[in-house]
1. Residues that are over 19 Å from the mean Cα position of the chain (by Cα) and closer than 26 Å to residue 353 by Cα: list the helices (runs of 4 or more DSSP H) wholly contained in the stretch 172-276 that include at least 1 such residues.
2. Does any residue in the stretch 220-243 that is more than 24 Å from residue 178 (Cα to Cα) come within less than 6 Å, Cβ to Cβ, of a residue that is of a type in the set (Ser, Thr, Tyr) and open to solvent by less than 10 Å² (accessible area, probe 1.4 Å) six or more places away or on a different chain, and which pairs are these?
3. Anything in the stretch 287-327 that is open to solvent by 40 Å² or more (accessible area, probe 1.4 Å), farther than 30 Å from residue 2 by Cβ and in a helix (DSSP H, G or I)? List them, or say none.
4. List the strands (runs of 3 or more DSSP E) inside the stretch 58-150, counting only whole elements, that have at least 2 residues being among the aliphatic types (A, V, I, L, M) and modelled with pLDDT of 80 or more.
5. Within the stretch 234-250, work out how many residues are surrounded by 20 or more Cβ atoms within 10 Å (Cβ to Cβ) and closer than 19 Å to residue 47 by Cβ.
6. Out of the stretch 172-203, which residues are closer than 17 Å to residue 316 by Cβ and of a type in the set (A, V, I, L, M)?
7. Mind checking which pairs have a first residue in the stretch 82-100 that is under 13 Å from residue 220 (Cβ atoms) and a second that is at pLDDT 90 or above and of a type in the set (Asp, Glu), Cβ under 7 Å, 6 or more apart or different chains?
8. Only one of these is free of Cβ contacts under 8 Å to residues at least 24 places away in the same chain and either among the charged types (D, E, K, R) or at negative phi (or both): 212, 248. Name it.
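The values are calculated or read from the model by the stated rules, or taken from the named source; none is laboratory data. Everything numeric here is computed off the predicted structure, so don't read it as measured data. Every residue, glycine among them, receives a Cβ derived from its backbone with ideal geometry; neighbour counts consider all protein chains shown. Ligands, DNA and RNA are excluded from the accessible area calculation, which covers all protein heavy atoms including side chains. Shrake-Rupley method; radii C 1.70, N 1.55, O 1.52, S 1.80 Å.
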Amino acid sequence: MSGENTLSLEFYKYLCQKIGNEDEVKVRRLTYIIDDLGIPSTTATQITSGSKDEGLQLNGSDIDLMFIDTSFKVYESESDFVPQSCKCILLLMNAEDTHPCFTQLHLVNNHDLTVDPGKRIKNSFLGRNLSSDLYRLNCMEDMTYIHGITKIHGPCISTTTESMDGAWCLKCDKWISQAKQWIIRPQTTWPPLDLISKLISCGVLYVPICYKGSSNEILQWRMFFSVAEKCLIFAFNHTQLLCYALLKIMIKEIVEKHEDLKQLLCSYFVKTLMFWMLEESDPSIWRPDKIITCFIACLKRLIYCVEYSTLLHYFIPNNNLFYLRFDFDKRDKMISILKNLFEKGIYCFAQSETVFTLI
């Protein structure tokens with residue numbers, strides 16, 4: 001075994017001790033799966049997400065809770081309608097004049113909201129359109145009544161300490177046409193066909209947030225693939241999961257020490273980058289004695305994405321997540337920092353609270 005492979009294997013073993021081995025990751029995930037099953041509710045279904053749910057125990061690891069509002073059912077077209085045994089409100093997508101990954105939602109047929117007793121629901125409509133802004137504000141009022149002081153954080157409602165983010169969302173049970181290209185585009189060996197079939201059955205969520213600067217902002221909802229993305233992460237082998245964790249640690253504990261760069265890169269971007277890396281690479285390289293090579297390849301890809309302001313949404317590539325994300329000064333500073341970390345290799349983690357004891 002070469003010196004580089006030996007170092008990689010030692011680094012892998014150390015990360016298993018610091019971040020968690022395969023069995024520990026499985027136990028952590030199972031804990032949150034059981035929590036999601038919880039006590040059945042007639043108004044919402046809970047889905048846990050975030051680093052802890054992924055099986056990672058990192059400094060500052062968070063928990064995000066998604067609450068699927070079962071008062072609504074979303075359809076892409078009227079031909080998809082199925083008879084509803086419950087008294088839910090049927091909504092229809094209208095993505096004609098919206099940015100990729102966003103849509104408007106409006107009432108179908110002649111549904112009369114006066115027959116629905118829920119004040120929160122009725123107060124969330126502007127005419128026959130469900131307003132993302134009003135819906136989020138009304139949900140915030142409900143959560144403040146139950147949990148005390150809260151604040152809006154993107155599509156989420158957070159506690160004042162930001163120890164937990166909760167987002168109410170709506171669901172379409174079918175895979176939508178905007179994301180159908182993902183099913184048929186050429187893929188090597190990842191994700192496997194059986195996993196693709198499973199992901200399609202997950203459907204799509206809609207969170208109450210708009211595309212900033214667009215017309216009719218307050219009516220727009222973002223398409224969200226949280227359940228499918230969770231399945232993909234659960235399909236990572238342990239080397240892939242540890243590379244993912246290293247990128248998150250690098251951003252949180254090294255890059256974000258620069259106050260002006262905080263929140264420019266986030267876990268969602270790292271997750272998206274990992275999906276593309278796995279789809280486009282030879283699966284045989286993702287093994288313990290190659291973890292350093294794999295991490296460096298991921299960091300190199302991140303530098304490229306920042307340099308060219310291009311990171312495409314994994315399921316809907318028409319949506320460039322980095323479009324207008326950085327101004328020139330911050331982009332140049334970010335590139336300089338990332339290239340410096342690239343030159344140091346794994347020794348860049350000498351600046352990390354989580355990993356530095358190895359160096």
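1. Once the helices (runs of 4 or more DSSP H) in the stretch 172-276 are filtered for at least 1 residues that are over 19 Å from the mean Cα position of the chain (by Cα) and closer than 26 Å to residue 353 by Cα, what remains is 238-253.
2. Partner pairs satisfying both residue conditions: none exist.
3. 307 - this is the single residue of the stretch 287-327 that is open to solvent by 40 Å² or more (accessible area, probe 1.4 Å), farther than 30 Å from residue 2 by Cβ and in a helix (DSSP H, G or I).
4. 63-69, 89-94, 102-107
5. 1
6. If the condition is that a residue be closer than 17 Å to residue 316 by Cβ and of a type in the set (A, V, I, L, M), then 176, 179, 183, 184, 196, 199, 200 are the ones that fit.
7. Cβ pairs passing all conditions: 93/76.
8. When all the criteria are applied, what remains is 212.
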